[in-house]
1. For the stretch 349-362, what are the residues that are part of a helix (DSSP H, G or I) and either touching a Lys or Arg at 6+ places or on another chain (Cβ under 9 Å) or within 14 Å of Phe429 (Cα to Cα) (or both)?
2. Applying the selection to the stretch 167-199, what residues are of a type in the set (Val, Ile, Thr), in a helix (DSSP H, G or I) and modelled with pLDDT under 80?
3. Given the structure, is Phe216 modelled with pLDDT of 75 or more, hydrophobic (A, V, I, L, M, F, W, C) and in contact with a Lys or Arg (Cβ under 9 Å, 6 or more places away or on another chain)?
4. Does the stretch 122-132 contain at least one residue that is within 21 Å of the chain's Cα centre (by Cα), buried (at least 17 other Cβ atoms within 10 Å of the Cβ) and more than 30 Å from Gly436 (Cα to Cα)?
5. All but one of (1) closer than 20 Å to Ala147 by Cα; (2) among the hydrophobic types (A, V, I, L, M, F, W, C); (3) modelled with pLDDT under 85 hold for Leu45; state the number of the condition that does not hold.
6. What number of residues within the stretch 292-303 satisfy the criterion of being part of a helix (DSSP H, G or I) and either more than 19 Å from Trp206 (Cβ to Cβ) or modelled with pLDDT of 95 or more (or both)?
7. Output the residues belonging to the stretch 277-304 that are under 15 Å from the mean Cα position of the chain (by Cα) and either aromatic (Phe, Trp, Tyr) or surrounded by fewer than 24 Cβ atoms within 10 Å (Cβ to Cβ) (or both).
8. How many residues does the stretch 305-332 contain that are crowded, with 20+ Cβ neighbours inside 10 Å and not β-branched (Val, Ile, Thr)?
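The values are calculated or read from the model by the stated rules, or taken from the named source; none is laboratory data. Worth saying up front: this structure is predicted, and the values here are computed from it rather than measured. Using ideal geometry, Cβ is built from the backbone for each residue, glycine included, and neighbour counts are taken over all protein chains shown.
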Amino acid sequence: MSDRVFGSSEFAVLVASLAFGAPALIASIDLLGFDPGLGLTVSQLILAAPLGIVIAAALVSLVAWLASENGVPTGLLLRPSLGVAGSWAAMILQITFLVAWIALELEFAGSAIVGGLKALELGDVHEAVAIAGLALAAVALLIAGLAWVTQIWLYRFAFWAALAFTVVLAWRYLSVVDLAPLLEATPETGNFWLGVDGIMVLGIIWFPVVADTARFTVAAPAAASGAGTGFSVAALILVLIGGLRAVSIGLPSHDPTVLLLDGVSTLGAIVVVAWLIVAGMDQPFLLAFSSGTALSTINDRFAGRIQAIMLLGIGTLVALMVPTGIIRGITDLVVVLIAQMLSVLLADYYVVRRRHYETDDLYRRKGIHSGVNLYGLIAVLAGFAAAAVIRPVGPESWVTMLESWIPGEISIAESVGLPPIMISMLFSFLLYAGLGRWKIHEPEVVSKLRV
């Protein structure tokens, strides 16, 4: 698909569909007092959620404007700031991250669908069957193509169905919640900005998908407004609903499935299952589309659609075979690197090159962007190191190793209340902007410092 086919409202629906799913629910649980949550109170959540969503929406809007203005996928957009070789490494990380999120989405939706069917006494369906069914539905959407899915499936049905289901769930969940004692709970010091940071990460999670789809919008302002509006409204609704629901029932485990199904009525179970079927199709489709696009910027031997289906299949196998804790550890670590790449990309485009990329040069593997832009690499690694020092995240072995090197019994983020992703992104942004304005003098001349 090469034509610009999405208007502002269509793109807003596409981006909003990203927010109706597992990431926002998982984030809402991570903010609360359940192990290993942050311990935010409801009053803190009500303040932190809008602030984090505004920052996340600003990030996705800037990405959407950039991608629409240049009309190329993420892998090509990263070439000026990281170099061609650096962008390939970034795409490998992005593919790993997106496939892991496909697995998380399928596992979460499959588990909840099985639980919902049990609640409805409709039989004991094996989780693998539910996961395989959702994956096949996502394959059907990939075959139909992004234009049809956005303009027909999402714009005319799926988004509105997900929104209606969410409104029904919100009414049924919150109508029985006594907010007075929840609002009177005494907050713990130092956790508020960590909560804002956790919500802001939602924008980083969806950065590759937004960039890879915004290039098909009719104009950059339409892409930016559609991304900001669609993301902020849907994500805010789901984070607040998930957080209030979890704290009201005293969630016994770190499990979004329990959050959705605990104590629901028959009608509630029907709504949950229907909502998860829709989200379980849409989000793996969009994640697979973006991962296939990323792979095509490295190797274009196969059609992007074939690559996307192949990567969706890998994500399905991961969902069936790999424990959730391992997948979460990988995504938590990789998202820190993706955050720094996003920060360097924004600094390169909006500050260093002043919104000017020569599109033809972005396609040339041996042109002026060949090799690695060491200034971008330095900024990414410096930001990643700063985030790791402030608060180590990732696989247990990685976190244990870092904690043995960093003095103190608790992380700097928890002791002082510093938001690690926000600070590290600001650091890498300013570092690259300073290096770029000093060393990259012309809009399209990348540093002569090459490897």
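1. Restricting attention to the stretch 349-362, the residues satisfying the condition of being part of a helix (DSSP H, G or I) are 349-352, 359-362.
If the condition is that a residue be part of a helix (DSSP H, G or I) and either touching a Lys or Arg at 6+ places or on another chain (Cβ under 9 Å) or within 14 Å of Phe429 (Cα to Cα) (or both), then Tyr349, Tyr350, Val351, Val352, Asp361, Leu362 are the ones that fit.
2. First, the residues of the stretch 167-199 that are of a type in the set (Val, Ile, Thr): 167-168, 176-177, 186, 189, 196, 199.
Then drop every residue that is not in a helix (DSSP H, G or I), which leaves 167-168, 196, 199.
Val168 - this is the single residue of the stretch 167-199 that is of a type in the set (Val, Ile, Thr), in a helix (DSSP H, G or I) and modelled with pLDDT under 80.
3. Values: modelled with pLDDT of 75 or more: yes; hydrophobic (A, V, I, L, M, F, W, C): yes; in contact with a Lys or Arg (Cβ under 9 Å, 6 or more places away or on another chain): yes.
Criteria met by Phe216.
4. Going through the stretch 122-132, the residues within 21 Å of the chain's Cα centre (by Cα) turn out to be 131.
Next, only the ones that are buried (at least 17 other Cβ atoms within 10 Å of the Cβ) stay: 131.
So of that shortlist, the ones also more than 30 Å from Gly436 (Cα to Cα) come out as 131.
So far as the stretch 122-132 goes, yes, one or more of its residues are within 21 Å of the chain's Cα centre (by Cα), buried (at least 17 other Cβ atoms within 10 Å of the Cβ) and more than 30 Å from Gly436 (Cα to Cα).
5. Against the list (1) closer than 20 Å to Ala147 by Cα; (2) among the hydrophobic types (A, V, I, L, M, F, W, C); (3) modelled with pLDDT under 85, Leu45 comes up short only on (1).
6. Within the stretch 292-303, residues that are part of a helix (DSSP H, G or I) and either more than 19 Å from Trp206 (Cβ to Cβ) or modelled with pLDDT of 95 or more (or both) number 2.
7. Phe285, Phe289
8. Number satisfying all stated conditions: 6.
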